[in-house]
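These notes concern the structure reproduced below.
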Amino acid sequence: MTEDAHARPTTAPPTALQRILEAVDHLEQCRRAARVFGIVTGESVAEVRHAIDRFLLVAAPTLRVARVPAPTDSRQAFLQALLVQLGFEPVESTADDLMRLLTVILRQGLEPQRPICIVMDQAQEFGPHVFEALRELARAASNMTQPPLFLLSGNAALSRVLDSRGMASVAALTSQRFELQSVEPQAVHHEPADRGDGPGAQLVLSLGGEPLQHYALDGTRVLIGRGPHCDLCIRSRFVSRQHALLIRSSSGDWLVDLNSTNGTSVNSKVVQRSRLKHGDIVSIGNHRLQYLNPNGRWPQREHVHGADQLSETVIMRSLQTTRFDDAGAGPGSETSAA
């Protein structure tokens, strides 16, 4: 071995355990600094969960932990779950009353010198109404002498939700995050700029964080709704019979809400139409659709509000192929009743 080799030793890449311990250290710093949020993201659900569990194991004596059992889009169910986790009996009350009660509890605390820690696993799976409640709680917590710690974990879609305009009022509180990167080298895909649908493009339907169906995107449009004639059928009373339409064109994959009763959200933002990008989370009722298209390459703009950005002709032609498939019911004639 040469002298030069001794002078420049190589550094081994961090192991998964080392990265997890770094994530735990980041959360511990958040706790010690009395920050409102502790956020860990990563593509490996197991590693992110390991980091959260390891932190809670160490910090348990110093925190009163309330872990939301499952993702939801119901503001009332979310607040109710938190109160139950904090030791309260289920309260039959409105969401606003539950919010006031929980805010008082967070301000006063339950035990001296033991702040409350609210854990939301795979937080990107929660709906926009829950993030609205979370935003209100975070703003209230920022003025408390002993604020609760909101512990959020998830994948890249969670970062996009936190960076959205809807969460702008608490951006200063969510800016510090730990990205738990995989230690395995990631494959790099080189696709032409005009290639819109790489192999494996799909929608993953889930409910409460549990995958239900993988739908391959191999056509020009996908009708999504409760009706049996839909390409992707979601049997839920919160979903309109013809709820949304995914249109595939040279400018990208576009999601269009079909005047549904309960609306359509992308990354917790209500949209009328939006161009999708890899990893986006679409909320339809209490179900989630994750859009996966790692090889997709689109122009820069994401959301559209005018006909100049997405051809109305493309939309109308796509709608014409779906409108009267179910006893003549048009996409805008829905209610969410079962």
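The values are calculated or read from the model by the stated rules, or taken from the named source; none is laboratory data. What you see is a predicted model; the values in this text were computed from it and never measured. Here the Cβ is made from the backbone with ideal geometry for all residues, glycine too, and neighbour counts use every protein chain on show. Calculation scope for accessible area: heavy atoms of the full protein, side chains included, ligands and nucleic acids excluded. Shrake-Rupley method; radii C 1.70, N 1.55, O 1.52, S 1.80 Å.
Applying a DSSP loop filter and a limit of 16 other Cβ atoms within 10 Å to the chymotrypsin sites (Phe, Trp or Tyr not before Pro) in segment 12-120 leaves Phe88. The label point for Arg107 and the one for Tyr215, both projected 7 Å from the Cα toward the Cβ, are 4.5 nm apart. With a Förster radius of 35 Å applied to the C-beta separation of Asp53 and Arg235, the computed FRET efficiency comes to 0.55.
Efficiency by 1/(1 + (r/R0)^6): what FRET value for Ser164 and Ala95, r their Cβ-Cβ distance, R0 = 25 Å, to the nearest 0.05? Rounded to the nearest 0.05, the efficiency is 0.70. Length, then width, then depth: along the principal axes, the Cα atoms of segment 54-167 run 36, 35, 26 Å. Counting only protein heavy atoms and a 1.4 Å probe, segment 194-275 has 42 square angstrom of accessible area per residue. Charge tally around Ile20: other residues with Cβ under 9 Å, Lys/Arg +1 each, Asp/Glu -1 each, net 0. Once the 1.4 Å probe is applied to the protein heavy atoms, segment 66-187 comes out at 46 Å² accessible per residue.
From the largest down, segment 220-262 spans 34, 18, 10 angstrom on the principal axes of its Cα atoms. Grab the beta carbon distance between Thr15 and Val65, set R0 = 30 Å, and tell me the FRET efficiency rounded to 0.05. After rounding to 0.05, the efficiency reads 0.60. Extents of segment 14-85, largest first, come to 42, 27, 18 Å (Cα atoms, principal axes, whole angstrom).
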